[in-house]
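Let me begin by presenting the structure, written as structure tokens, before commenting on it.
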There are 2 protein chains.
Amino acid sequence: MVATFSELRALPGMDDTLLTAGCPTRVVLDHVTSRWGVLVVLSLTNGTHRWSELRRAVDGISEKMLASTLRQLQADGLVDRVAHPVIPPHVEYSLTSRGEELAGVLLPLVEWSARHSAEILASA
Amino acid sequence: MVATFSELRALPGMDDTLLTAGCPTRVVLDHVTSRWGVLVVLSLTNGTHRWSELRRAVDGISEKMLASTLRQLQADGLVDRVAHPVIPPHVEYSLTSRGEELAGVLLPLVEWSARHSAEILASA
């Protein structure tokens, strides 16, 4: 586990361009820290969800934002979409194994935020 | 370490309102996942920085965004600002212990993003 950004940059496979503007890591970091992306990934840690279940689980998300968030997560290989050929249509979403991995590094951040939210907002 | 959102909600001190719209955790999560907030916190894991050093370290940030990002991080008790009474003014920024804790849960997410950015962007 690295403790500083310098240590992170020094790891095999990393280099001095890490986190420069527009670098691949910044692009991916923007996706995986987007407000709705985080909440959709978290909801899917509980297992496969249908569209309408996700819409309820992610409090406050609009249809349009849910659609574009799921599209981005699919494009990034983090979420699988399965459409069952039945009438009415039955579409299910779940985390891919890469999405499960992402959830593993997101949950500690969410837990930390939950544990400290009261004191942080009180200090503001 | 929790593995699902349901497990997180079931922890002592958490409840069913966790991550509902506008709840304290969502507010804090928005702050700590903001693009510039993440990058400023990461830069400060390397130790105390002056304004001009941060401006260089966080590639692409404007003066205005650096100012408002630092103001938010200070308000949240994550960053300390020390102004030395000399001429010309000498102002230093560093992580508080709460900020160090945040860095501890942010770094794994950044490392994951760095390791997977190439394959994620290739799959898009």
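Residue B:103 meets all of the listed conditions (1) of a type in the set (A, V, I, L, M, F, W, C); (2) in contact (Cβ under 8 Å) with a residue 40 or more places away in the chain; (3) within 7 Å of chain A (Cβ to nearest Cβ) but one, namely (3). Identify all residues within region B:40-49 that are at the interface with chain A (Cβ under 9 Å from one of its Cβ atoms) and without any contact (Cβ under 8 Å) to a residue 60 or more places away in the chain; write none if there are none. Across region B:40-49, the qualifying residues are B:43, B:44, B:46, B:47. Is it the case that region A:50-70 has a residue that's in contact with a strand residue (DSSP E or B) (Cβ under 6 Å, 6 or more places away or on another chain), surrounded by fewer than 17 Cβ atoms within 10 Å (Cβ to Cβ) and either closer than 17 Å to residue B:123 by Cβ or within 11 Å of another protein chain (Cβ to nearest Cβ) (or both)? For region A:50-70, residues in contact with a strand residue (DSSP E or B) (Cβ under 6 Å, 6 or more places away or on another chain), surrounded by fewer than 17 Cβ atoms within 10 Å (Cβ to Cβ) and either closer than 17 Å to residue B:123 by Cβ or within 11 Å of another protein chain (Cβ to nearest Cβ) (or both): absent. Checking each residue in region A:13-39 for being facing chain B (nearest Cβ under 7 Å) and under 20 Å from the mean Cα position of the chain (by Cα) picks out A:19, A:24, A:25, A:27, A:28, A:29, A:30, A:32, A:33, A:35, A:38, A:39. If I ask for residues that are closer than 22 Å to residue A:75 by Cβ and surrounded by fewer than 16 Cβ atoms within 10 Å (Cβ to Cβ), which ones from region A:10-26 would you list? Scanning region A:10-26 gives A:21, A:22. Selection of region A:16-43 for residues being out of contact with any helix residue (DSSP H, G or I) (no Cβ under 7 Å at 6 or more places or on another chain) and either aliphatic (A, V, I, L, M) or more than 16 Å from residue B:37 (Cα to Cα) (or both) yields A:17, A:21, A:22, A:23, A:39.
Taken together, the values in this text are just the output of simple stated rules run on the coordinates, not laboratory data. This structure is a prediction, so every number in the text was calculated from the model and none was measured. FYI the Cβ positions are ideal-geometry reconstructions off the backbone, even for glycines, and counts take in every protein chain you see.
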